Amino acid sequence: MVRGLFAAAEVDFPPHDLLFRLYKEEGELEVWAGDGEGPLRPIGTWGVCAASGGLGPKRAEGDQQVPEGFYTFGYFHPASAYYLSALIDYPNASDRIRGGATPGGEIMMHGRCASIGCVAMTDERIEELYVIAWSTWRERGQKTHLHMFPARDFDALLDDPSHAAHHGFWREIREGHDTFEQTRRLPKVTVTRDGSYRFGAPG
């Protein structure tokens, strides 16, 4: 099934570049892939089965929030208690600066459709996503990038006064989101001393 999706998108499998984009409000995960030279192409969209917490970034251990920001997968666990799992590199450099003394960790994408801060999929869906990401690491030596956003409609979020505490952060990560929308290339992501994200031209 995975090979068929990549063939339909006319992208080699495993790909050179791989991006997962998560939208929390919609409960959707997009997969994009490319050859390392041209723009990335859409492979498919997967439904998220469960994601605890609400809109807004994760800042502390025990807040049950799914993170928002720019991440990669660290390691893959083929015999997880949650069927299959991939570790998200939370807390990243930005989270460690902006979070409290105990920002938490062990945030994963996994199966079993149960979430306490993790991104949970059905077992069938995590099989597909695991194969895509793990094969890219094993055969290409390339990490899977994971961009995690509150919702697709940033304008609506930024017009909603009930989310005012997150508006500054969302304007910041929107720049990275829109950079990819415009170029279909992975932006260069760096973190400043105050924990803010900065985005450079795609390589």
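Tabulate in residue order the Karplus-calculated ³J(HN,Hα) for the range 59-65, using 6.51 cos²θ - 1.76 cosθ + 1.60 with θ = phi - 60°, rounded to whole Hz; enter x for Gly and Pro.
Once θ is set to phi - 60°, the couplings for the range 59-65 become 10, 8, 4, x, 7, 6, 7 Hz.
Using only alpha carbon pairs under 8 Å that are at least six residues apart, calculate the relative contact order of the range 108-203 and give it in whole percent. Could you put the intermediate results ahead of the total?
On the way: 80 pairs, mean separation 11.9, N = 96.
The normalised contact order for the range 108-203 reaches 12 percent.
Quick one: dipole size for the range 2-190, taken about the Cα centre, charges +1 on Lys/Arg Cβ and -1 on Asp/Glu Cβ, in debye to the nearest 20.
Values: 19 positive and 28 negative charges, 92 e Å.
The calculated dipole for the range 2-190 is roughly 440 debye.
Separation between the residue 106 and residue 167 pseudo-spin-labels, each 7 Å from Cα along Cα→Cβ, expressed in nm?
3.8
Find the relative contact order for the chain and round it to a whole percent, using C-alpha pairs within less than 8 Å whose residues are 6+ positions apart.
Computed value for the chain: 22 percent relative contact order.
Along the Cα-to-Cβ line of residue 143, 7 Å from the Cα, sits a label point; which residues in the range 81-111 have backbone N less than 20 Å from it?
85-99, 103-110
Only residues of the range 98-140 count here: report those whose backbone N is under 19 Å from the spot 7 Å along Cα→Cβ of residue 60, or say none.
Within reach of a label on residue 60, which here means backbone N under 19 Å from a point 7 Å along Cα→Cβ, the range 98-140 contributes 98-107, 116-118.
Of all beta bridges DSSP finds with both residues in the chain, what is the antiparallel percent, to the nearest 5? Working shown, then result.
On the way: 30 of 37 bridges.
About 80 percent, rounded to the nearest 5.
If r is the Cβ-Cβ distance from residue 113 to residue 16 and R0 is 30 Å, what FRET efficiency results, to the nearest 0.05? Let's see the in-between values first.
On the way: r = 31 Å, r/R0 = 1.05.
Efficiency, from the Cβ-Cβ distance: 0.45.
Counting helices only, and only those DSSP H runs with n ≥ 4, report the 222 nm mean residue ellipticity of the chain as the sum of -39,500 (n - 2.57) divided by its residues, in deg cm²/dmol to the nearest 500. Present the calculation step by step, with values, prior to reporting the outcome.
Working: 5 runs with 55 residues, N = 203.
Helices in the chain give a 222 nm mean residue ellipticity of -8000 deg cm²/dmol.
FYI, it's all coordinate maths here, none of it is from the lab. All of these numbers come straight from a predicted model, not from anything done at the bench. Every residue, glycine as well, gets a Cβ built from its backbone with ideal geometry; the counts of neighbours run over all protein chains shown.
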